[in-house]
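The values are calculated or read from the model by the stated rules, or taken from the named source; none is laboratory data. The structure displayed is predicted, hence computed values, not measured ones. Here the Cβ positions follow ideal geometry from the backbone for every residue, glycine too, while neighbour counts run over all protein chains shown.
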Amino acid sequence: MKTIQDILTSGTAYLEARGVEGARHSMQSLLVHVLGKNKTWLYLHYDDPLSEEQLAPLRELLRVRGKGVPLQHLLGSTEFYRREFRTDARALIPRPETEELVEMALGMATRKEGLQVLDMGCGSGIIGITLALELAKFHPQVVMADISEAALSLTLENATALGAKVKTYRSDLFSAWTPAEDNAVVPPTGFDLVLANLPYVPDGEQVATEVTHDPATALYGGPDGLDIVRRFLEEARPHLAKDCLVLLEVGHDQGEATRACMEELGYQNTRVLTDMSGKPRFPMGYAAADFIPQPEPTTNDSNE
């Protein structure tokens with residue numbers, strides 16, 4: 001009978017032969033998942049034998065992982081900012097860089113009661129839900145929008161599981177703010193903090209096998225990857241409160257182009273923050289006062 005150590009070694013070799021990145025981590029995670037244990041237990045029981053009943057589901061998971069199906073889809077969840085979020089094919093798999101984006105936003109956000117927050121292109125909900133929970137003592141009003149109904153269903157599942165108070169809207173960027181139907185519910189506006197991790201992969205660019213399991217609508221953003229980002233930055237302006245912080249995640253070589261677009265549109269104090277690898281991935285800026293729509297002047301037609 002094979003031991004846990006035997007299975008870990010052979011499973012890692014199997015995944016490495018198929019080009020799976022982080023093969024040993026994947027194998028450890030699958031073992032922990034199948035056995036219902038944690039990694040500490042695994043380390044202490046390397047010499048324990050595994051029965052055929054335990055090996056059968058592991059073999060199937062290993063086969064599928066070897067085909068490039070993301071580990072997060074097989075496990076059904078991923079950790080983000082110390083919390084477990086449900087993950088599947090309905091939305092983009094959370095990336096480590098996005099956790100850095102949230103950390104930056106929390107470090108720069110104005111702390112005030114009733115902070116108005118927008119997570120545009122929310123996907124699985126990791127950004128908005130994390131902000132709602134981390135800023136809970138300020139009772140933030142967190143709005144989360146996505147073009148995908150499936151992604152929004154995943155967001156709601158995660159919000160419910162984690163006890164986060166958020167509002168979700170199906171919207172092609174800001175289309176929900178200009179409803180086609182008179183009885184449509186219009187989202188709040190006048191945001192103080194806006195984060196967006198929108199599609200930014202250039203059309204036709206090859207991506208890693210695992211990334212192909214993400215929804216295409218969450219990946220591709222036009223010829224240079226920035227079509228949706230540019231449209232978002234322009235459409236956002238009338239919905240921002242004065243000095244609203246807008247922070248985005250883009251590709252490692254798109255930061256300066258995005259910052260230049262923000263400056264051209266009138267955003268103030270624009271710059272690009274780097275990720276932990278030193279890549280300029282997070283363009284940011286602040287809303288100008290003239291972004292806020294001014295009320296139409298009233299006219300007095302009466303004769304004095």
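Observations on the structure shown:
- Unmet criterion (only one of (1) surrounded by fewer than 21 Cβ atoms within 10 Å (Cβ to Cβ); (2) more than 24 Å from Leu115 (Cβ to Cβ)) for Lys242: (2)
- Put simply, of Leu15, Leu55, Leu92, Leu62 the only residue that is in contact with a Gly (Cβ under 8 Å, 6 or more places away or on another chain) and at pLDDT below 90 is Leu92.
- Gly222 more than 17 Å from the chain's Cα centre (by Cα) and exposed (fewer than 13 other Cβ atoms within 10 Å of the Cβ): no
- Some residue of region 191-202 being surrounded by fewer than 12 Cβ atoms within 10 Å (Cβ to Cβ) and part of a loop (DSSP other than H, G, I, E, B): no
- Test: residue in region 32-54 that is within 29 Å of the chain's Cα centre (by Cα), in a helix (DSSP H, G or I) and under 12 Å from Gly11 (Cα atoms): no
- Boolean, Thr270 is of a type outside the set (A, V, I, L, M, F, W, C) and at pLDDT below 95: no
- Restricting attention to region 118-141, the residues being over 15 Å from the mean Cα position of the chain (by Cα) and either closer than 14 Å to Glu99 by Cβ or hydrophobic (A, V, I, L, M, F, W, C) (or both) number 5.
- Considering residues of region 236-257 that are modelled with pLDDT under 95 and not in a strand (DSSP E or B) only, the residue farthest from Thr98 (Cα to Cα): Asp253
- Hits in region 71-120 - residues which are assigned to a loop (DSSP other than H, G, I, E, B) and over 20 Å from Pro199 (Cβ atoms): Gly76, Tyr81, Arg82, Ala109, Thr110, Arg111, Lys112, Glu113, Gly114, Leu115
- Of the numbered criteria (1) closer than 19 Å to Leu198 by Cβ; (2) in contact with a helix residue (DSSP H, G or I) (Cβ under 8 Å, 6 or more places away or on another chain); (3) part of a loop (DSSP other than H, G, I, E, B), the one Asp172 fails is (2).
Listed here are the residues, each with its yes/no results for (1) modelled with pLDDT of 90 or more; (2) buried (at least 19 other Cβ atoms within 10 Å of the Cβ); (3) over 20 Å from Leu101 (Cα atoms).
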| position | (1), (2), (3) |
| --- | --- |
| Glu234 | yes, no, yes |
| Arg259 | yes, yes, no |
| Ala288 | yes, no, yes |
| Pro297 | no, no, yes |
